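The values are calculated or read from the model by the stated rules, or taken from the named source; none is laboratory data. In this text the structure is predicted, and so the values were computed from the model without any measurement. Don't worry about glycine lacking a Cβ; one is built from the backbone with ideal geometry, like all the others, and counts go over all protein chains shown.
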Amino acid sequence: MTPEEALQLIRQGEGQKVEFKQSLAEWNQAIKSLCAFANAEGGTVFFGVSQAGDVLTVSVGAVTLDRFSNNIRAHTQAPLSPTIERLTLEGKEIVAATVPKHARGQLFYAFNVPLVRVGATNQVMTPAEQQARLMEGQEDRSQERDRPGSAVARPLAGPESQGIDALAVGHRIATARDRVGLRTLVTSTRRFLLTEWSSRIEGMSGQPVARTQIPSNEVYAYCLPYVESFAPDIRLVEAFGLALAEAEYAEGLTSMLRVVEDWISMSDKPWPSPSLKAITGAPALLALRVLATWGAKAAEQTSASVLATLLTHPLDTVEWSGQSATLPLVDRRDLFHPHALLDRADLGARYLTEEPWKNSDVAKMFASQQDYLSGLSQFLFLAALLHEARHPDESWPLYPGFKLVQGSSRSIHTLVGRISMRPQLMDSLARMANEDAETFRSNWPKRARRLNDAGLGDLYFRASSDIPEEI
């Protein structure tokens, strides 16, 4: 949402799709309103705006928005994931939390109560209203049965995926904005991979371990066969997401993150001993791979909405302890040190530059391999840059894998030029960093210097870069 769009909504006053809160301390009531919006036409809660519509300001701490996002998911059923943005209006900072209009047939509760927006109020839905909404969803599904995406919404992995043109299916679903087809596809794909990969990990982990110490120069060759035993199952998932990214269907990619979350959780699970990292870590490495491949396309097109989805949308995963974690990619430092490659971040970057291009569908989506590598280096650079912004007190930057991508210096200079020339892109990146545009611009030099100076372990000869320090 741009500042201009926010002002236009605020001037309309509270109503069917807008509510004002003076402080983030009112999160309890805000969650109820977000639920009510989700059960109606969608809507936005603005924090830092008086009931009269006057723009005040709001205090946002370092982890305030993450805590707010976690509270929303904890107190809504099904969990809501609104878009939460920091905006600067009239020189004052506010926060906007927005939920889209959801498909009929979906019913949301806040604090175990079904609410719906009626005018400027939140009303408890009667049993009849709840039933009517669910029945409307059934009618929608029968009417959408012949929509182009729904007709081919099969799993993207396993025997039932044979013969699917994932790029074509992705383009159809994105064009039709076919939520029913997308939901069917995601659910069936998750079901197959959760069962198949869990069984595969258990079977492979039981094999005798030939040796425990692998020489540094042999790690990649040793680990790759284990990773590649899983990789064929993701080929169609990777291609499908690329089609959504090209169509800038951010909502569709948000749904696909459910698949990615499963893979990360699978790698974080405490598997029975003995188990090799190269085996148990493979799903998480493949999660990073598809995110980076989709991100390369989004960076090539400079699609701010898709970049925001891939970089900053919360990933809901389960850690080895059984505790849930809700962190976006830019906050998941561990993913950039993949267990599947024995925590070697440089080998993770090598994997991303070499293996996705072997997927023929990936090659179809870029004019050349250099275009793919250019988008990849830009995406990895943005991940490192945003990590710097969101974690200013960390001793070490996120691993600067972009330096290992061929032609990265030229690609990043191109991207920085776009950021400098496009205020809207600057605003979007600032929101991803939880900053306003002016703060983001003023902090650019020190962040660029940190990334320029960041080392690559023992790869000293590739450690320098020349990210422009002025923007």
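Kindly indicate which of S59, S23, S50 is in contact with a helix residue (DSSP H, G or I) (Cβ under 9 Å, 6 or more places away or on another chain) and polar (S, T, N, Q).
On the way: S23 fails: in contact with a helix residue (DSSP H, G or I) (Cβ under 9 Å, 6 or more places away or on another chain); S50 fails: in contact with a helix residue (DSSP H, G or I) (Cβ under 9 Å, 6 or more places away or on another chain).
Testing whether each residue is in contact with a helix residue (DSSP H, G or I) (Cβ under 9 Å, 6 or more places away or on another chain) and polar (S, T, N, Q) leaves just S59.
Being assigned to a loop (DSSP other than H, G, I, E, B) and farther than 11 Å from E14 by Cα is the filter here; which residues of segment 46-64 pass it? Please lay out each step first, then the result.
First pass over segment 46-64, keeping only residues assigned to a loop (DSSP other than H, G, I, E, B): 48, 50-54, 56-63.
Of everything in segment 46-64, those that are assigned to a loop (DSSP other than H, G, I, E, B) and farther than 11 Å from E14 by Cα turn out to be G48, D54, L56, T57, V58, S59, V60, G61, A62, V63.
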Item to check | Tabulated pairs, segment 401-423, first more than 25 Å from A437 (Cα to Cα), second of a type in the set (K, R), C-beta under 6 angstrom, 6+ apart or interchain | outcome: K403/R462
Item to check | Test result for K32, assigned by TED's automatic domain parsing to the domain that holds R86 and either touching a helix residue (DSSP H, G or I) at 6+ places or on another chain (Cβ under 9 Å) or of a type in the set (F, W, Y) (or both) | outcome: no
Item to check | Residues of segment 97-128 that turn out to be small (G, A, S), more than 17 Å from P314 (Cβ to Cβ) and part of a strand (DSSP E or B), as a count | outcome: 1
Checklist entry - Of everything in segment 326-346 that's assigned to a helix (DSSP H, G or I) and under 18 Å from I234 (Cβ atoms), which residue is nearest to the chain's Cα centre (by Cα)? => result L329
Checklist entry - So A325 fits all but one of (1) surrounded by fewer than 24 Cβ atoms within 10 Å (Cβ to Cβ); (2) within 28 Å of Q213 (Cβ to Cβ); (3) among the aliphatic types (A, V, I, L, M); (4) at pLDDT below 95; what number is the exception? => result (2)
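Out of all the residues in segment 177-188, is one or more surrounded by fewer than 17 Cβ atoms within 10 Å (Cβ to Cβ), in contact (Cβ under 8 Å) with a residue 60 or more places away in the chain, of a type in the set (K, R) and outside any loop (DSSP other than H, G, I, E, B)? Can you show your working first?
Going residue by residue through segment 177-188, those that are surrounded by fewer than 17 Cβ atoms within 10 Å (Cβ to Cβ) are 177, 187.
Remaining after also requiring in contact (Cβ under 8 Å) with a residue 60 or more places away in the chain: 177.
Okay, now just the ones that are also of a type in the set (K, R), so 177.
Subsequent filtering for residues that are outside any loop (DSSP other than H, G, I, E, B) retains none.
There is no residue in segment 177-188 that is surrounded by fewer than 17 Cβ atoms within 10 Å (Cβ to Cβ), in contact (Cβ under 8 Å) with a residue 60 or more places away in the chain, of a type in the set (K, R) and outside any loop (DSSP other than H, G, I, E, B).
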Next on the checklist: Show the residue pairs meeting these rules: Cβ distance below 9 Å; 6+ apart or different chains; first residue within segment 433-458 and buried (at least 20 other Cβ atoms within 10 Å of the Cβ); second residue assigned to a loop (DSSP other than H, G, I, E, B) and of a type in the set (S, T, Y).
Outcome noted: L451/S465
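So which residues in segment 17-41 are surrounded by fewer than 16 Cβ atoms within 10 Å (Cβ to Cβ) and either modelled with pLDDT of 90 or more or not hydrophobic (A, V, I, L, M, F, W, C) (or both), if there are any at all?
Within segment 17-41, the first condition is being surrounded by fewer than 16 Cβ atoms within 10 Å (Cβ to Cβ), and the residues that meet it are 23, 25-26, 28-29, 41.
The answer is S23, E26, N28, Q29, E41.
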Checklist entry - For V259, all conditions in the list (1) among the hydrophobic types (A, V, I, L, M, F, W, C); (2) surrounded by 24 or more Cβ atoms within 10 Å (Cβ to Cβ); (3) under 20 Å from P155 (Cβ atoms) hold save one; what is the number of the exception? => result (2)
Checklist entry - Looking at segment 98-118, is at least one residue surrounded by fewer than 22 Cβ atoms within 10 Å (Cβ to Cβ), touching a residue at least 24 places away in the same chain (Cβ under 8 Å) and charged (D, E, K, R)? => result yes
Item to check | Neighbours by Cβ (under 8 Å, 6+ apart or cross-chain): first from segment 149-168, at pLDDT below 90 and in a loop (DSSP other than H, G, I, E, B); second among the acidic types (D, E) and crowded, with 21+ Cβ neighbours inside 10 Å | outcome: G149/D178; A153/D178
Checklist entry - Filtering segment 330-355 down to residues that are in contact with a His (Cβ under 8 Å, 6 or more places away or on another chain) and crowded, with 22+ Cβ neighbours inside 10 Å, which residue is farthest from K277 (Cα to Cα)? => result V330
